[in-house]
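> What follows is a structure written as structure tokens; I'll ask about it next.
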Amino acid sequence: MPSLSHNWSTPALELKGSLLTLMILRLFETDSERIAEQLVTKIAQAPGLFQQAPVVIDLQALPDDNQSIDLIELIRLLRLHGLIPVAIRGGNSQQHQLAVSLNLGIMIDNSRAERPRRYPEPEPVVASPPCLTKIVTHPIRSGQQVVALQGDLIVLATVSHGAEILAQRHIHVYGALRGRALAGVNGDGEARIFCQQLDAELVSIAGQYQINEELANHLRGKPAQVYLDNDTLKIEPL
Amino acid sequence: MAKIIVVTSGKGGVGKTTTSAAFATGLALRGHQTVVIDFDVGLRNLDLVMGCERRVVYDFVNVINGEGNLNQALIKDKRVESLFILPASQTRDKEALTMKGVAKVMEVLKKRFEYIICDSPAGIEHGAIMAMYFADEALIVTNPEVSSVRDSDRIIGMLSSKTRRAVQNLPPVKEHLLLTRYSSKRVNTGDMLSAQDVQEILAIPLLGVIPESKSVLQASNAGIPVTLDKNSNAGQAYLDVVARFLGEECPQRFIEDKKGFFSRLFGS
């Protein structure tokens, strides 16, 4: 019977799909000079942010009849300002060929349905990381788990013994916290837990935890906050 | 419109079957067409507490499997007009309760009865879920004791996620807290959680408090629902619960113990 060799048991690599926040440069017109001028202004607002930042060039917002954008010039311009163009999105097959020859990737055009706005957005083009706050108004019962994977978790009721709440960022409980509360589950040491009545089975910030038995008596049942101070878990009355 | 009420708790031995029998009897005493169903397949008890164990021919599972019809399985109570019992099967297990089968039986019962009381088995598995699935309202039977309170909390969570009303996004199951085996004396000495403590933890409205009473055990063993015992304070408490359930104002009579001579003297 063949046995697994050593090489197979420890893979040297893996290929995985991953969702990343990428900066997108959306173009609304083709005039190289105007593009250059406005790009410089934008970068001047936050030069540090744009250094060595990968950027995708989005051609989808360009008018259909006018695809005569000078890609080579645009890429030169971006590199000049420290940006690293990595791919293009949208555009025609000619532009795709050109992109490939310039060692750029081609992003699949999946948002054709949402037709672009024809005016420049007031905000800088930088996409901020998604931050979705989850609000729960009903009590969280024993055995239930509530997770806010992309932001804060706000609970406007009691979290019972045997319940578990987790959040990427802060946790607020406007009631008694009797179950387990884990904030900063992705390692965010800035995350905090706030509650109106602390009697948690366990509180944790970015993996640093404390169990109920270790809870100081003067804090029990009182409004309190939990946070990390130099990697040490601190619990303080509010 | 018929109302389906589940009597549930998570924990065993807190008084679900006693409550189901007493509550159903109380509703029937008020003249409402009431049926009480035993969902504890394999551990059939309701028939004993209702005193009809010697009249069981067909059971709930027989009806689900089409081995007998509903009229053959329903047992009419001999004491109270308009009260019926649908017994569980003792020889099967909970898996015999299929969603489709239970739904079919419920549909038929809803046409004939005003109140359908579902006596849930203990636990949080299939049997308990089937008992609660079709419920419109729930009596959460809890003892003033930490493990019972925690299990009730778990069950309340399941009522808001595992029932038909939750799954189909209908208005939620209306929950009522029923504290059983309550002893004001032991609450006063600090041995037992108070009604207020339990209510604070579970955060659902309190329907009633049933005092710990010898008459409950006597009634169970005799097969007489405790609501039929005029001299039992537990029976009286259950009648109050029925009255409150039907929307009547009814003061909580069994929370405060009568004060002793000394405490009355010193007004503490």
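The values are calculated or read from the model by the stated rules, or taken from the named source; none is laboratory data. This is a predicted model, so every value here is computed, not measured. Neighbour counts are summed over all protein chains in view; Cβ atoms, including those assigned to glycine, are modelled from backbone coordinates with ideal geometry. Side chains included, ligands, DNA and RNA excluded: accessible areas come from the protein's heavy atoms. Shrake-Rupley method; radii C 1.70, N 1.55, O 1.52, S 1.80 Å.
> Taking every pair of Cα atoms in segment A:134-237, average 1/r, invert it to obtain the Kirkwood radius, and report Rg/Rh to two decimals. Don't skip to the end; give the middle numbers.
Working: Rg = 11.8 Å, Rh = 12.8 Å.
That ratio is 0.92, to two decimals.
> Rounded to the nearest 0.05, what FRET efficiency do B:LEU246 and A:ASP231 have when you use their Cβ-Cβ distance and R0 = 56 Å?
E(calc), rounded to 0.05, equals 0.40.
> Further question on the same structure: Given just the C-alpha atoms of segment B:114-268, how large is their convex hull per residue in cubic angstrom?
Given the Cα convex hull of segment B:114-268, per-residue volume reads 142 Å³.
> Ok, one more. Students sometimes get this wrong: rank B:CYS250, A:CYS195 by accessible area, probe 1.4 Å, all chains present, largest first. Present the calculation step by step, with values, prior to reporting the outcome.
Values: B:CYS250 35, A:CYS195 5 Å².
Accessible-area ranking of B:CYS250, A:CYS195, largest first: B:CYS250, A:CYS195.
> Need one value: the accessible area of A:LYS234 in square angstrom, 1.4 angstrom probe, rounded to the nearest 10.
The value for A:LYS234 is about 70 Å².
> Give me the number: length gained by fully extending A:LEU238 to A:LYS16, i.e. 0.36 nm times residue separation minus the C-alpha to C-alpha distance, one decimal in nm. Can you show the working numbers first?
On the way: separation 222, 0.36 × 222 = 79.92 nm, distance 4.41 nm.
Fully extending the segment from A:LEU238 to A:LYS16 adds 75.5 nm.
> If you don't mind, another one. Can you spot the aspartates and glutamates whose alpha carbon is less than 20 Å from B:LYS104's alpha carbon? Ignore those fewer than 8 places along the same chain.
B:ASP38, B:ASP40, B:ASP59, B:GLU67, B:ASP93, B:GLU95, B:GLU114, B:ASP119, B:ASP136, B:GLU137
> If you take each beta carbon of peptide A:158-166 and count the beta carbons of other chains within 10 angstrom, what is the mean?
Rounded to a whole number, the mean comes out at 3.
> Along the Cα→Cβ direction, 7 angstrom out, place labels at B:ALA103 and B:THR189. What is the inter-label distance in nm?
In this crude spin-label approximation the distance works out to 5.3 nm.
> Defining a contact as two alpha carbons under 8 Å apart and six or more residues distant in sequence, what relative contact order in percent does segment B:1-64 show?
Averaging sequence separation for qualifying contacts and normalising by length gives 24 percent for segment B:1-64.
> If I model a spin label at A:LEU102 and B:LYS78 as a point 7 Å from the Cα along the Cα→Cβ vector, what separation in nanometres do I get?
The two pseudo-label positions are separated by 9.5 nm.
> Return P(r) of segment A:23-107 (all Cα-Cα pairs; 10 Å bins starting at 0; whole %; ordered from short to long distances).
In whole percents, the pair-distance histogram is 17, 56, 25, 2.
> Take the cross-link list B:LYS3/B:LYS111; B:LYS3/B:LYS110; B:LYS100/B:LYS162; B:LYS100/B:LYS174; B:LYS3/B:LYS230; B:LYS16/B:LYS100 and give me the ones stretching past 18 Å between alpha-carbons.
B:LYS100/B:LYS174; B:LYS3/B:LYS230; B:LYS16/B:LYS100
> If R₀ is 51 angstrom, what is the calculated FRET efficiency for the pair A:ARG220 and A:ILE72, using the beta carbon separation as r and rounding to 0.05?
Computed FRET efficiency for A:ARG220 and A:ILE72 comes out at 0.15.
> Another question, then. Could you state how much accessible area is buried at the A-B interface, both sides summed, with a 1.4 Å probe, in Å² to the nearest 100?
Values: alone 14760 and 12710 Å², together 26640 Å².
Adding both sides of the contact gives about 800 Å².
> Follow-up question, since we're still on this one. Using a Förster distance of 51 angstrom, determine the FRET efficiency expected from the C-beta separation of A:LEU202 and B:ARG112, and round it to 0.05. Provide the component values of the computation, followed by the final result.
Working: r = 51 Å, r/R0 = 1.00.
Step by step, r from the Cβ atoms, then E = 0.50.
> Mind grabbing the base-10 log of I(q)/I(0) for the protein assembly as shown at q = 0.09 Å⁻¹? Debye formula, identical points on the C-alpha positions, no solvent, two decimal places.
Reported log10 I(q)/I(0), two decimals: -0.81.
> Leaving out ligands and nucleic acids, and using a 1.4 Å probe, what accessible area per residue does the protein assembly as shown come to in Å²?
Dividing the accessible area of the protein assembly as shown by its residue count gives 53 Å².
> Select from B:GLY68, B:ALA195, B:LEU206 the residue farthest towards the positive end of the dipole of chain B; place +1 on Cβ of Lys and Arg, -1 on Cβ of Asp and Glu, and compute about the Cα centre.
B:GLY68
> So, one more: Just to check I understand the Karplus step: with θ = phi - 60° and J = 6.51 cos²θ - 1.76 cosθ + 1.60, what whole-Hz values come out for segment B:52-66, glycine and proline as x?
Working through the residues one at a time gives 10, 5, 8, 10, 6, 10, 9, 10, 3, 5, 4, 5, 4, 7, x Hz.
> Along its principal axes, what span do the Cα atoms of segment B:139-179 show, with the longest given first and each in whole Å?
For segment B:139-179, the Cα spread along each principal axis is 34, 14, 8 Å.
> Another question, then. Only Lys, Arg, Asp and Glu count, each charged at its Cβ (+1, +1, -1, -1), so figure out the dipole size of the protein assembly as shown about its Cα centre, rounded to 20 debye.
Using Cβ point charges on Lys, Arg, Asp and Glu, the protein assembly as shown gives about 1700 debye.
> Here is a further query. In Å and whole numbers, how far do the C-alpha atoms of chain B stretch along each principal axis, longest first?
Result for chain B: principal-axis Cα extents of 67, 39, 33 Å.
> Right, next: Using a 1.4 Å probe on protein heavy atoms, which residues of segment B:130-171 have at least 50 Å² less accessible area in the complex than alone?
Output list: B:ARG150, B:ASP153, B:ARG154.
> Give me a single rounded figure for A:140-148: the average over its residues of other chain Cβ atoms within 10 Å of their Cβ.
Taking the mean over all residues of the peptide, I get 5.
> Further, regarding this structure: Based on the mean of other beta carbon atoms within 10 Å per residue, what is the order of B:117-125, B:134-142, most packed first?
Going from most to least packed, we get B:134-142, B:117-125.
> Accessible area, 1.4 Å probe, largest first: how do A:SER101, B:SER213 sort?
Details: A:SER101 85, B:SER213 20 Å².
Largest accessible area first, the list is A:SER101, B:SER213.
> Given chain B, what percent of its DSSP beta bridges are antiparallel, to the nearest 5? Display every interim value, and only then the final one.
Numbers: 2 of 30 bridges.
The antiparallel proportion sits near 5 percent.
> Show me, for segment A:21-30, the HN-Hα J-couplings you get by feeding each phi into the Karplus relation (A = 6.51, B = -1.76, C = 1.60, θ = phi - 60°), rounded to Hz, glycine and proline as x.
Once θ is set to phi - 60°, the couplings for segment A:21-30 become 8, 10, 6, 10, 9, 8, 9, 9, 8, 9 Hz.
> Specify the angular offset, from 0 to 90 degrees and rounded to the nearest 10, of the alpha carbon long axis of helix B:146-159 from the longest principal axis of the alpha carbons in chain B.
Its long axis makes an angle of about 40 degrees.
> So which GluC sites (Glu not before Pro) in segment B:1-97 pass both tests, a DSSP loop state and at most 11 other Cβ atoms within 10 Å of the Cβ?
Working: sites: B:GLU53, B:GLU67, B:GLU81, B:GLU95; in loops: B:GLU67, B:GLU81.
The qualifying sites are B:GLU81.
> Could you check the simple spin-label distance between B:GLU200 and A:ILE84, using points 7 Å along Cα→Cβ, in nm with one decimal?
Placing both labels 7 Å beyond Cα along the Cβ direction yields 5.8 nm.
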